[in-house]
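The values are calculated or read from the model by the stated rules, or taken from the named source; none is laboratory data. For clarity, every value in this text was computed on a predicted model and none was experimentally measured. Neighbour counts run over all protein chains shown; Cβ positions are idealised from the backbone, glycine included. Ligands, DNA and RNA are stripped out before the accessible areas are found, and what is left, the full protein with its side chains, is counted by its heavy atoms. Shrake-Rupley method; radii C 1.70, N 1.55, O 1.52, S 1.80 Å.
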Amino acid sequence: MPGGPAAAIRSQINSNPAAFGLPPDPTFEQINQVLQERMLVPPDQPLWEAYLTYMMGALQGNLGESIIVNPGTSNVQLILEAAPWSIFLSSVALVYGLVVGIVLGSLMAYYEGSRFDVGMTITVILNSAVPFYIAAIVLLYFGAYQLGWFPTGGRFNTSTNPGFNWPFIQGIFYHAALPVASLVITGFGGQALSMRANSIRILGSDYIRVAELRGLSSYKISTRYLARNAILPMYTGIIIGLGGMLGGTVILEEIFAYPGMGMLMFDATVMRDFPLLTANLIIVTILFVIGTLIADFTYALIDPRAEQSSMG
């Protein structure tokens, strides 16, 4: 797309100079002063110096201001207002997807080779091939527009009072139902296949045979014994997956008109609000790196065998 932040600000100044505290016919020096105040990096700096200036400001929590989406508002403030909703959406979808994937994958492994296993394997493979935005459009069309069971957009019921009360909380989950369903329907298949592969590797373990000799039910063996140990190799991917889902909600939130970080990034991209877009990408990257570090540092806590093998 042509243009950039400086061109966008100049266009706003030309259309409404008074909004920037300028006279009807501002001079070049006055316009340039506004540019330097609005933009985090002055346009007359060399590239290397501009990069260092921006990074030093970012390390101090200064990610600039929005120039189009919400002019003059701190990018950090806009992200902090939107991030909790995206984190909520991604976390709920991840939890539901994991529960379905883990239970289904362990059952598929326990009945390996059966019609159930073959049928579900084919089903989850085909299901995983469907992009989440296709599922989102279908759910929105039928669930919201045709049947009217769910709202077509928003984060909560505007007729309720925001706070820790049941009508408001119920409205939050009600508005998140279709976006979460879109992610779960198209995402649990990968977790189920991973769970199946990990479970098959430990099916011949002694504690599985002992559980069978004790006469425990197939469901209890597959979920309590198989799932508990087969999920350990998936732990790192689960934590990292949360960061990936945050970045993947851009299209989803736009489809459902769900104002979160994804919709904020989409608006910043379309409207060429580059400072806001860059700030969003930095925050998502930081969350992704933090999630990876947490997964690496805590893996030994949930699986002591990893620490013992590294010491050996």
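Before moving on, here are some points about what is shown:
- Members of region 256-269 that are part of a helix (DSSP H, G or I), of a type outside the set (A, V, I, L, M), out of contact with any Ser or Thr (no Cβ under 7 Å at 6 or more places or on another chain) and crowded, with 17+ Cβ neighbours inside 10 Å: 266, 267
- Criterion applied to 228, 201, 224, 272 was being at pLDDT 75 or above, closer than 30 Å to residue 116 by Cβ and open to solvent by 40 Å² or more (accessible area, probe 1.4 Å), and the one residue passing it is 201.
- Criterion: surrounded by 13 or more Cβ atoms within 10 Å (Cβ to Cβ) and of a type in the set (Gly, Ala, Ser) - qualifying residue of 119, 101: 101
- When 238, 283 are checked against the criterion of being out of contact with any Gly (no Cβ under 8 Å at 6 or more places or on another chain) and at pLDDT 80 or above, a single residue qualifies: 283.
- Pairing each residue of region 276-292 that is touching a residue at least 24 places away in the same chain (Cβ under 8 Å) with any residue that is among the hydrophobic types (A, V, I, L, M, F, W, C) and outside any helix (DSSP H, G or I), provided the two are 6+ apart or on different chains, yields C-beta distances under 7 Å for 276/69; 279/63; 282/63.
- For region 66-84, the set of residues classified as at pLDDT below 80 and surrounded by fewer than 15 Cβ atoms within 10 Å (Cβ to Cβ) consists of 72 only.
- If the condition is being in a loop (DSSP other than H, G, I, E, B), at pLDDT 80 or above and surrounded by 15 or more Cβ atoms within 10 Å (Cβ to Cβ), then region 1-40 contributes 22, 26.
Residues checked against (1) modelled with pLDDT of 90 or more; (2) open to solvent by less than 40 Å² (accessible area, probe 1.4 Å); (3) aliphatic (A, V, I, L, M):
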| residue | (1), (2), (3) |
| --- | --- |
| 128 | no, no, no |
| 132 | no, no, no |
| 138 | yes, no, yes |
| 142 | yes, no, no |
| 150 | yes, no, no |
| 154 | no, yes, no |
| 161 | no, no, no |
| 165 | no, no, no |
| 168 | no, yes, no |
